Amino acid sequence: MRTYRTAVLLTCLAGLMSLSGASCPSMRRPIDDFANLPPALPPTPTLDQVIQAVNGNCSQIRTFWAPQASISGAGFPTLQATVAFERPLRLRVRAGTGILGEELDLGSNDELFWFWARRGQPPAVYFCRHAQFASSPARQSLLVDPYWLMEALGVAEIDPTLSHQGPYARQDGRLEIRTLRPGADGSSTKITVLDRVHALVLEQHVFDSRNQLMASAIASQHRRDPLSGLSMPTVIDIRLPPQRTALRVSLGNVQINRPFTNPEQLWAMPVGEGRMPIDLCNPNY
């Protein structure tokens, strides 16, 4: 259970080992892919205008595929990775090295999500069905919702049905929106920081009901997909302060809204030697 908790506390990406001592990510300005575009926001936007601008981009990202991604952090070699996403719940991240082979496989399909790490003890596939997760013992053990990873990777929308405050103009020239998110274990607060011209999501911070910072995602090097015209970050720095944990996900050349090859295999939970399935939603586990 300890291996699983560590993995999901890193939002399922850093189950390889506990990471510490990573330097703070640099705060880059959005790159020049957007220099010749008209502003997505007026000089003093309303909340509705911000929501419309953010969701107008993110909601159109139905799928993305990053075949040349990488995962890096303090204490382990850079891992070569592939990252695939399809709305609403499909995600697959596979990472490893050329010498040691596959180190990590995490994913989610329409039925369940899973996590496997080669160095896990035991080396099993831990999984939980979506329908059971909210009321499962696994949910009570997690500081960060594992579904947050999908938002962190660049497809975060602002839910207009939730309670929001802002937008506030920050001293660094960006906009900030505060969102109250109700949950079974108390309300959490999410702070979203945006580029005030193009409405790019630059930072996401999640605070628990005691106002303790639980997770952050800092996005940079945004690029526009040449075919769809939609925008995504290509570098995401993920931090979990309670665990003193940090890692960087570099997506590389992201392909948006392209068809996947072999989707049945892509969204299937892995099976085989060293991948014994363990149901984390089982109350007897």
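The values are calculated or read from the model by the stated rules, or taken from the named source; none is laboratory data. It should be emphasised that the depicted structure is a prediction, and the values quoted were computed from it without experimental measurement. Ideal geometry is used to build each Cβ from the backbone, glycine not excepted, and the neighbour counts take in all protein chains shown.
Miscellaneous remarks
- Within the stretch 264-281, restricting attention to residues that are without any contact (Cβ under 8 Å) to a residue 60 or more places away in the chain and not charged (D, E, K, R), the residue that is surrounded by the fewest Cβ atoms within 10 Å (Cβ to Cβ) is 272.
- Residue match in the stretch 175-192 (condition: at pLDDT 95 or above, basic (Lys, Arg) and closer than 26 Å to residue 136 by Cβ): yes
- Only residues that are at positive phi and of a type in the set (A, V, I, L, M) were counted across the stretch 47-81, and they come to 0.
- Of the residues making up the stretch 250-285, those that are of a type in the set (Asp, Glu) and not in a helix (DSSP H, G or I) number 2.
- Applying the criterion of being surrounded by fewer than 16 Cβ atoms within 10 Å (Cβ to Cβ) and touching an Asp or Glu at 6+ places or on another chain (Cβ under 8 Å) to the residues of the stretch 52-100, the residue that is nearest to residue 159 (Cα to Cα) is 59.
- Just one of (1) surrounded by fewer than 16 Cβ atoms within 10 Å (Cβ to Cβ); (2) modelled with pLDDT under 95 fails for residue 10. It is (1).
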